[in-house]
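As structure tokens, the structure follows; a few thoughts come after it.
The values are calculated or read from the model by the stated rules, or taken from the named source; none is laboratory data. Being a predicted model, the structure only gives us computed values, none of them experimental. Cβ placement follows ideal geometry from the backbone for every residue including glycine, while neighbour counts extend to all protein chains displayed. Protein only, heavy atoms only, side chains kept; ligands, DNA and RNA dropped before computing areas. Shrake-Rupley method; radii C 1.70, N 1.55, O 1.52, S 1.80 Å.
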Amino acid sequence: MAQPVGIKDVARAAGVSVGTVSNVINRPDTVATETRARVLSAIDRLGYVRSESARQLRAGRSRIMGLLVLDMGNPFFVDVARGAERAARDAGLGVMVCNSAESAGEEAEYLSLFAEQRVRGVLLTPADATGRNIASFRRHGIPFVLVDRVSEGTTECSVSVDDVAGGALAVRHLIDAGHRSIAYVSGPPGFTQVRDRRTGALNALAEAGLGPECLRELPTERLDVAAGRDAGARLLGLGDRRPTAVFCANDLLALGVLQAMYSAGVKVPEDLAIVGYDDIEFAAAAAVPLTSVRQPAVTMGALAAEMLLEETEEGGAGGAGAGRHEHRRVVLQPELVVRRSSLSAR
């Protein structure tokens, strides 16, 4: 395997010192025009690419921020990544995107990788409900911002959506359509979003004078389409006791429930109304367009990245204005997008 071309090779080819090559790369105005042209010609001829990691090590500042999400198979997190990447690129940074696959163990490994790489900072949607991974990562002094989480019990910045309000929007809509028996396909109970959306659902029932028994919870191990199909099978197994409507903790679960109903010949929304959460692109394109609670995912990713950039510039590791940054929580509001999957009145 050919060895990479180094700065010494360029200096030798151009007949100049290593320092002169460095000046051409970093401070070209300080080098005579003829010498600069000779060095640039050697760089082009040899295909030299400077070692960004070495430069960052000398400077003590990385141009990479980490993004660790629960599931890159979920279009919601793809949109979060798009927003973060856009804000990072505008600031001259890149984003290293990693997927914890909803696993606390994989999350811990990626956080260790970020620490080893000394990234500028991290945008994190935690998979570990205990908070131990965050506590361990905090010791490295690398700034981080929580995404799609409220920073309860921590001092860090966070960007999230009011999931209690979102859960209430979904179930209030179903109640207004005449439903009095509603299932909540909830996902792993350790996730804050799952609990908050359930709280909102119960609040909406209470507002309508309905008790918590009107909400039948079906927890799942994961937040994906396969888990939704499994929940759909459980709903079908209830027979005459099956609720008339389903609120799902995300759109992937809702699409899985929709698939299960379609396969069994259950009509949506005539026999079962379905509401999802996130309003991913696939929601509108489903066989029965899916009513969903929209989260501004791109905005969430961009805001989180901007907050991280503020922190690293003002008060984080390597920031010039250490001590000036004030942590803050940003809570965005959800929006109900009504489509055909919930439009059949009881």
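Antiparallel DSSP bridges in the chain: what percent, to the nearest 5?
Numbers: 3 of 38 bridges.
So the antiparallel bridges in the chain amount to around 10 percent.
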Modelled label-to-label distance, Ser17 and Arg132, 7 Å Cα→beta-carbon offset: nm? 5.5
Please state the Cα pair-distance histogram of the chain with 20 angstrom bins from zero: what percent is in each bin? 28, 43, 21, 8, 0
Among Ala129, Val150, Gly200, whose Cα sits farthest toward the positive end of the charge dipole of region 116-269 (+1 at Cβ of Lys/Arg, -1 at Cβ of Asp/Glu, about the Cα centre)? Ala129
Percentage of interatomic Cα-Cα distances in region 7-50 larger than 13 Å: 40
Residue order for Glu313, Glu156, Glu116, Glu217 - accessible surface, 1.4 angstrom probe, largest first: Glu116, Glu313, Glu217, Glu156
Which distance in nm do the two modelled labels at Asp240 and Ala104 give, with both placed 7 Å along the Cα-to-Cβ direction? 4.4
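When only C-alpha pairs under 8 Å and at least 6 residues apart count, what is the relative contact order of region 163-295, in percent?
Here the relative contact order equals 24 percent.
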I'd like the carbon and sulfur percentage of the solvent accessible area for the chain, probe radius 1.4 Å, heavy atoms only, ligands and nucleic acids excluded. 50
Show that you can apply the helix-only estimate: for the chain, add -39,500 (n - 2.57) for every DSSP H stretch of four or more residues, divide by all residues, and state [θ] at 222 nm to the nearest 500. -14000 deg cm²/dmol
On C-alpha positions alone, give me the angle between the axis of helix 251-264 and the longest principal axis of the chain, in degrees, nearest 10. 40
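Any idea of the accessible area per residue across the chain, 1.4 Å probe, to the nearest Å²?
Details: 16010 Å² over 346 residues.
Result: 46 Å² of accessible area for each residue.
Rounded, prolate or oblate for region 163-295? Axes are the square roots of the Cα gyration tensor eigenvalues, ordered a ≥ b ≥ c, and the cut-off for rounded is a/c under 1.5.
Numbers: a/c = 1.35, a/b = 1.16, b/c = 1.17.
Verdict is rounded for region 163-295.
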Accessible area in the full protein assembly, largest first, 1.4 Å probe, for Thr20, Thr299, Thr33: Thr33, Thr299, Thr20
